[in-house]
Amino acid sequence: MSKYLIKCGKLFDGVELRLQENVNILVEEDRIIETGSNIKQPDDAEIIDLSQLTVSPGLIDAHTHFDFIGPNSFGTYAHCSSDERRSMNILYCANKSLMGGFTTVRQMGLSINGFGAIDARDAIASGDFVGSRLIVAPHLLGISGGHGDYSSFFSNYPALSDAMESLNPFTGHGADFYRKAVRKEVKYGADCLKIMATGGFASPNDDPYDCQLNDEELQALIETAAQLNRPVTAHAYSSELVQKLLKMGITGIEHGALIDEKTFELFEETDAYLVCTFLPYDEAVNMDEEKLATKSKYFIAKLLKYQEQLQATRRLIIQKILEDNIRIGYGTDIVAVYNNYECWREFPIWRKSGIPALRTLKAATSINASIVGNEEIGQIAPGKIADIVAWASDIENDIEAISDCAFVMKEGVIYKSNDRRI
């Protein structure tokens with residue numbers, strides 16, 4: 001039976017926006033048993049001295065795409081690798097993200113045909129591979145030519161594009177199609193469902209304001225997911241569509257980068273969450289021509305087209321994060337510029353936007369735990385799962401502090417300590 005007494009330098013518990021000092025954590029097997037400054041050391045407990053570090057719960061990235069490896073791979077995703085290779089990519093990225101202090105990630109769909117993300121999740125959970133805990137929406141449920149239809153990258157060759165689309169069982173039309181798609185996702189083990197409700201920035205022939213599913217299709221998706229007790233979230237941008245989805249009872253929204261004040265009022269009324277993913281738009285919001293130039297021509301064009309609105313909504317989201325009345329989660333959505341597993345990269349954007357470090361970490365811990373539906377993680381408190389990480393840098397003043405994780409424990413097992421990997 002493994003038992004550890006962890007001596008913390010400073011501690012962020014995932015909830016209170018302050019750093020506690022001289023706190024110890026008693027861990028037995030996969031659980032936190034006790035926290036406090038006066039814990040008596042059990043005779044059979046190994047001491048883990050993190051007294052020079054800042055300790056926090058394992059971080060959670062609520063929006064990742066681990067089945068390909070960046071940078072600049074979104075446009076070639078559909079034809080550059082097999083389902084088997086994409087499964088291996090997920091395992092690779094999950095190992096990298098774990099060593100970076102992210103003990104849980106939510107894999108938000110991309111696999112075109114297979115269910116490799118489910119297999120990767122289960123292989124990590126059973127201990128066959130070392131990696132972040134995966135919470136999986138296996139596929140993107142959307143329309144022909146929409147943001148989730150990767151055959152669109154070959155639209156200049158219709159015969160090839162149609163052949164590729166025919167291989168994707170989750171691109172279709174009609175309420176009955178989407179009812180069956182949800183049931184199939186659940187049949188093979190989906191933790192949650194993802195709807196591609198609008199166009200996007202990275203896809204070639206659509207627009208973020210496009211409404212890509214009709215009301216009957218949207219209602220069928222949301223109601224079927226609810227009947228099967230699965231949360232459902234939507235890739236969505238415009239206020240009109242986000243409001244419609246919230247009124248239909250959707251669990252949450254991804255991105256929401258073009259919404260307005262009235263839409264946020266509806267978030268409060270419905271208790272739906274928003275995972276805001278600042279990173280994909282930051283080259284335009286905080287203009288960086290060099291990084292912007294690394295994206296595809298249509299990605300750049302759409303970012304510039306909506307630059308002012310992206311900036312205005314960013315200011316509004318920051319205000320709502322600081323008001324703390326809505327569950328707004330931390331998610332990276334890396335599909336260009338950086339490696340997909342670099343989950344820390346959202347942190348400096350929140351910090352440069354004026355959001356305090358601990359408020360940012362709260363989004364990546366206890367708030368994200370609520371969003372991904374696992375209240376046993378995201379906090380350092382008795383009874384919680386022992387996902388514990390530590391940082392050598394000054395968390396409160398170094399905006400890139402979480403780029404280098406010094407210690408990783410997941411479910412009571414130490415995977416990284418003093419740069420030693422297990």
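Readers should treat all values here as calculations from the given coordinates under stated rules, not as data from a laboratory. Quantities reported herein were computed from a predicted structural model and do not represent experimental measurements. Note that we place each Cβ from the backbone using ideal geometry, even for glycine, and neighbour counts take in every protein chain shown.
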Legend entry - Gyration tensor over alpha-carbon atoms, region 120-265, equivalent ellipsoid semi-axes in Å: 23, 22, 16
Inset, instruction - Over the residues of region 214-281, compute the C-alpha Rg and express it relative to 2.2 N^0.38 Å. - result: 1.06
Inset, instruction - Please turn the phi angles of region 256-262 into ³J(HN,Hα) values with the Karplus equation 6.51 cos²θ - 1.76 cosθ + 1.60 (θ = phi - 60°), one per residue in order, whole Hz, x for glycine and proline. - result: x, 6, 10, 8, 10, 4, 4
Inset, instruction - Return one quarter of the surface area of the convex hull spanned by the alpha-carbon atoms of region 230-326, equal to its mean projected area, in nm². - result: 6.5 nm²
Inset, instruction - Give the cross-link partners of K187 among the aspartates and glutamates, using a straight C-alpha distance below 17 Å as the criterion and excluding same-chain residues fewer than 8 apart. - result: D119, D122, D176, E223
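Can you give me the relative contact order of region 217-355 as a percent, contacts being Cα pairs under 8 Å and 6 or more apart? Kindly include the intermediate steps, with their values, before the conclusion.
Working: 177 pairs, mean separation 31.4, N = 139.
Computed value for region 217-355: 23 percent relative contact order.
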Inset, instruction - Would you mind putting 192-199, 238-245 in packing order, based on average other-beta-carbon counts within 10 Å, highest first? - result: 192-199, 238-245
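For a Förster distance of 41 Å, can you work out the FRET efficiency between the beta-carbons of R85 and S37, rounded to the nearest 0.05?
Working: r = 50 Å, r/R0 = 1.21.
Working from the Cβ atoms, E equals 0.25.
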Legend entry - ³J(HN,Hα), Karplus 6.51/-1.76/1.60, whole Hz, each residue of region 51-59, x for Gly, Pro: 5, 9, 10, 9, 9, 8, x, x, 7
Inset, instruction - Give the cross-link partners of K297 among the lysines, using a straight C-alpha distance below 25 Å as the criterion and excluding same-chain residues fewer than 8 apart. - result: K305
Inset, instruction - Work out the length of the dipole vector of region 176-326 about its Cα centre, built from +1 on the beta-carbon of each Lys and Arg and -1 on the beta-carbon of each Asp and Glu, and round it to the nearest 20 debye. - result: 580 debye
Inset, instruction - Please give, to one decimal in nm, the separation of the simple spin-label points placed at M287 and N205, each 7 Å out from Cα toward the Cβ. - result: 3.3 nm
Legend entry - Nonlocal amide H pairs with N168, under 5 Å, H built at 1.01 Å: none
Inset, instruction - Could you pull out every one of the lysines with an alpha carbon less than 30 Å from that of K10, ignoring same-chain neighbours closer than 8 positions? - result: K40, K96, K320, K352, K362, K384, K410, K416
Inset, instruction - Name the long-range amide H neighbours of A406: under 5 Å, sequence gap of 5 or more, or other chain; modelled H, no Pro or chain starts. - result: A390, W391, A392
Legend entry - Normalised per residue, the volume of the convex hull around the Cα set of region 233-392 (Å³): 126 Å³
Inset, instruction - Starting from the Cα of T294, step 7 Å along the direction of its Cβ; do the same at V413; then give the gap between the two resulting points in nm. - result: 3.3 nm
Inset, instruction - Could you run the Karplus curve 6.51 cos²θ - 1.76 cosθ + 1.60 with θ = phi - 60° over region 290-305 and give me ³J(HN,Hα) per residue in whole Hz, x for Gly and Pro? - result: 5, 6, 4, 5, 7, 8, 5, 5, 6, 4, 4, 4, 6, 4, 6, 4
Inset, instruction - Could you please tell me the mean projected area of the C-alpha convex hull for region 20-69, averaged over all directions and given in square nanometres to one decimal? - result: 5.8 nm²
Inset, instruction - Give the long-range amide H neighbours of I33: residues separated by 5 or more places, or on another chain, with amide H under 5 Å away, using H modelled in the peptide plane at 1.01 Å from N. - result: L26, V27, E28, G383
Legend entry - Förster radius 35 Å - calculated FRET efficiency between D271 and K3 (Cβ-Cβ, nearest 0.05): 0.35
Inset, instruction - Counting only C-alpha contacts under 8 Å and six or more residues apart, can you give the relative contact order of region 47-179 as a whole percent? - result: 22 percent
Legend entry - Relative contact order of the chain, pairs being alpha-carbon contacts under 8 Å that are 6 or more residues apart, as %: 21 percent
Legend entry - Cα Rg, Dmax (largest Cα-Cα span) when computed across the chain, Å: 21.0, 71
Legend entry - Helix-only CD estimate at 222 nm, as mean residue ellipticity for the chain, using -39500 (n - 2.57) per DSSP H run (n ≥ 4): -9500 deg cm²/dmol
Inset, instruction - Take the Cα atoms of region 157-225, build their convex hull, and give its volume per residue in Å³. - result: 108 Å³
Inset, instruction - Could you work out which residue, out of L228, L358, L303, moves most in a Gaussian network model of the chain, that is, has the largest mean-square fluctuation with Cα springs under 10 Å? - result: L228
Legend entry - Highest to lowest packing among 43-54, 98-109, 209-220, scored as the average C-beta count within 10 Å: 98-109, 209-220, 43-54
Legend entry - Distance histogram in 5 Å bins (all Cα pairs of region 313-384, percent per bin): 3, 15, 23, 24, 20, 11, 3, 1
Inset, instruction - For the chain, find the longest principal axis of its Cα atoms and tell me its angle to the long axis of helix 239-248, 0 to 90°, nearest 10. - result: 70 degrees
